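The values are calculated or read from the model by the stated rules, or taken from the named source; none is laboratory data. The structure presented is a predicted model; accordingly, all values stated were derived computationally and were not measured. FYI the Cβ positions are ideal-geometry reconstructions off the backbone, even for glycines, and counts take in every protein chain you see. For accessibility, only protein heavy atoms count, side chains too; no ligands or nucleic acids. Shrake-Rupley method; radii C 1.70, N 1.55, O 1.52, S 1.80 Å.
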Amino acid sequence: MLSALAVTSLVTSLLCLAPLGLAFGCVALWRIPRRRQRGKGLAVAGVSVSGGILLLAAFVVPFVNFHVWTPAARNDSGEVTKPGWATIRSIGAGDCFTPRNRLPEHDASQLRDGRVELISCDKSHRGEAYASFSLSGHGDYPGVDSISAIARPRCARLFMDYALDPMAFGPLQTYYIHPDEDGWDAGGRTVVCWVGRPGNAELDASVRGNASDLSSAQLAFLSAMKPLNTAGTLRPAKGPQQELAEATAWADRMAQAQEETIRLLKDAELPSAEAPANQLVTELEAGLPSWRQAIEASDADTFLSRLRAVDQHSGEQYVRRIRSLLHLPLSAPEPAQALALSDMGSSRASLANSCYSPPCLPLERDRSSA
């Protein structure tokens, strides 16, 4: 007569009910010789499989981080209070996170794994979502280039609104994720903009700015510099050797932005920094003719020579002096125009580099579906 316990032991072990399989198998091995039943081999197999599963679990469980399979806990304000697992397509503005894999390199188009661990922003993290928006006005999938032409400048402007003062955080790199063709066909229309530090560096606080934490003079200065800094982030991905028309169009936008910054600086009330502010205006006005000459450049060498002339009048020393007098954070002295020039003069430009003043914040696109 076949032992029912032996059969049950093997079946439960194969169903990954290892504790039951082990118990049934041990009882079966004890009863079989006493009751002269068949099924010793089945009982031995059940005990062996169950024991192997339990032994493996004993080694694996201590090293498994179980919270990655659970959603993050949030408070009434929506802030993450307990880490949890999500996809990058599901995060919202203000969420801080660490991707399962490292951030994309300059020449990479996407994260290898779209899963991220949501983390409280006061803990070490690799990225922070700062905005999202929906693409509209399209029926069929418009293609990566068309989407990026919308997403890149909009994410750049939204970051300036979110951070208020990017220079306060040192070098940052921004990214955006948008629908690919499969995601578009499935109804995805959302672009998510997010920011992190270049390389393997981490953030230990939110980059979100708060206007209520700024004095009227600080806010006036940052607002005045915003047009120029924003236009600087939208430098073409390719240098003038590859796309001269795009480079000259960017120079036109930079000239207009510089004119706007000059106007705002003249109107700004900066009682403790009037002298360097006036000197900065003088320098920026001196650089305007070179921007206008760059617009008319007929070849790459002429264009780059005009940018070198612009760099001579970046006014970076006055920017730093104003920031010091207004008690705004300082970082390494490196003018925005010089950063732009160094990339535009290279033969191999990264996917979509952009520069703030002075930190350079390359923009890259992540083609995962949304």
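Going by the conditions given, is Asn200 surrounded by fewer than 20 Cβ atoms within 10 Å (Cβ to Cβ), at pLDDT 95 or above and either touching a Leu at 6+ places or on another chain (Cβ under 9 Å) or among the aliphatic types (A, V, I, L, M) (or both)?
For Asn200, the condition - surrounded by fewer than 20 Cβ atoms within 10 Å (Cβ to Cβ), at pLDDT 95 or above and either touching a Leu at 6+ places or on another chain (Cβ under 9 Å) or among the aliphatic types (A, V, I, L, M) (or both) - is not met.
Against the condition under 30 Å from Leu328 (Cα atoms) and either open to solvent by 40 Å² or more (accessible area, probe 1.4 Å) or among the small types (Gly, Ala, Ser) (or both), how does Pro271 come out, does it pass?
Yes.
With respect to the numbered conditions (1) at pLDDT 70 or above; (2) within 42 Å of the chain's Cα centre (by Cα); (3) open to solvent by 40 Å² or more (accessible area, probe 1.4 Å), which one is the sole condition not fulfilled by Ala58?
(1)
Residue check: is Leu288 surrounded by 14 or more Cβ atoms within 10 Å (Cβ to Cβ), closer than 25 Å to Ala168 by Cβ and not polar (S, T, N, Q)?
So Leu288 fails the test.
Name the pairs: first residue in the range 155-179 and farther than 21 Å from Pro99 by Cα and open to solvent by 10 Å² or more (accessible area, probe 1.4 Å), second residue among the β-branched types (Val, Ile, Thr) and part of a helix (DSSP H, G or I), Cβ to Cβ under 8 Å, at least 6 apart or on different chains?
From the range 155-179, the pairs are Arg157/Thr230.
When residues of the range 73-104 are filtered for being open to solvent by less than 20 Å² (accessible area, probe 1.4 Å), at pLDDT below 80 and charged (D, E, K, R), how many remain?
So the count comes out to 0.
Considering each of Pro153, Pro198, Pro142 in turn, give the residue that is part of a loop (DSSP other than H, G, I, E, B) and under 30 Å from Leu330 (Cα atoms).
Exactly one of Pro153, Pro198, Pro142 is part of a loop (DSSP other than H, G, I, E, B) and under 30 Å from Leu330 (Cα atoms), namely Pro198.
Looking at the range 206-222 only, could you name the residues that are in a loop (DSSP other than H, G, I, E, B), open to solvent by 50 Å² or more (accessible area, probe 1.4 Å) and within 22 Å of Cys96 (Cα to Cα)?
Arg208, Asn210
Scan the range 229-243 and give yes if some residue there is more than 19 Å from Ile150 (Cα to Cα), assigned to a loop (DSSP other than H, G, I, E, B), open to solvent by 50 Å² or more (accessible area, probe 1.4 Å) and touching a Lys or Arg at 6+ places or on another chain (Cβ under 8 Å), otherwise no.
no
Look through the range 295-316, keep the residues that are within 30 Å of the chain's Cα centre (by Cα) and outside any loop (DSSP other than H, G, I, E, B), and return whichever of them is farthest from Leu270 (Cα to Cα).
The selected residue is Leu307.
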